1. Expressed as an acute angle from 0 to 90° and rounded to the nearest 10, what is the orientation of the C-alpha long axis of helix 105-121 relative to the principal long axis of the chain?
2. Quote to one decimal, in nm, the extra length available between ALA130 and GLN37 on full extension: 0.36 nm per residue of separation minus the C-alpha distance between them.
3. What is the helix-to-structure angle for 90-100, meaning the angle in degrees between its Cα long axis and the longest Cα principal axis of the chain, kept from 0 to 90 and rounded to the nearest 10?
4. As I understand it, the value is the acute angle between the Cα axis of helix 13-25 and the longest principal axis of the Cα atoms of the chain; what does it come to in degrees, rounded to 10?
5. Ordered by packing density, taken as the mean number of other Cβ atoms within 10 Å over each peptide's residues, highest first, how do 48-54, 60-66 rank?
6. Starting from the 7 Å offset along Cα-to-Cβ, what nm value, one decimal, do you get for the label separation of ALA10 and GLU96?
7. What dipole magnitude, in Debye to the nearest 20, does segment 51-136 give about its Cα centre under +1 on Lys/Arg Cβ and -1 on Asp/Glu Cβ?
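Bear in mind that the values in this text are calculations on the coordinates, not laboratory data. What you see is a predicted model; the values in this text were computed from it and never measured. Glycine gets a Cβ as well: all are built from the backbone with ideal geometry, and neighbour counts include every protein chain shown.
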Amino acid sequence: MTHVPGTSIAPDLARIEQLAHEAIISLPEPYRLAATQIRLRIEDFPPDDILEAMDLHDPFELTGLYEGTPLTEKSVMDQQVQPDTIWLFRRPILDEWAERGNVSLAELVNHVLVHELAHHFGWSDDDIAAIDPWWE
């Protein structure tokens, strides 16, 4: 099939969310079940308050973000104020996907998601590499 300019539609937020859920389903146990307890938020770009808090000036710099307290730092005495959340940012992900040109969108979403899950679970680089063979 020949590409006709102006006829391609970029994957939407729902597609990125679907790929993220597929990535979670593919995780090894015991992480799979635990990862389903983390809230997913898929947005086009990071909100301004997140960019400001991270001192970022370009919203394309951030493909994903973990918000919460890592399991390695939680206590049964902690009062949970908000659910642990993983944000995935569609436009920066799509830009990176286009720039790389050598990975599928599913692979990139999986990679970003695993990186954010690593913050939640407290994984080392070796742990991440065992789950995401594409880990750099």
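1. 20
2. 31.3 nm
3. 60
4. 50
5. In decreasing order of mean packing, 48-54, 60-66 become 60-66, 48-54.
6. Taking the two extended label points, one gets 1.5 nm.
7. Roughly 320 debye for segment 51-136.
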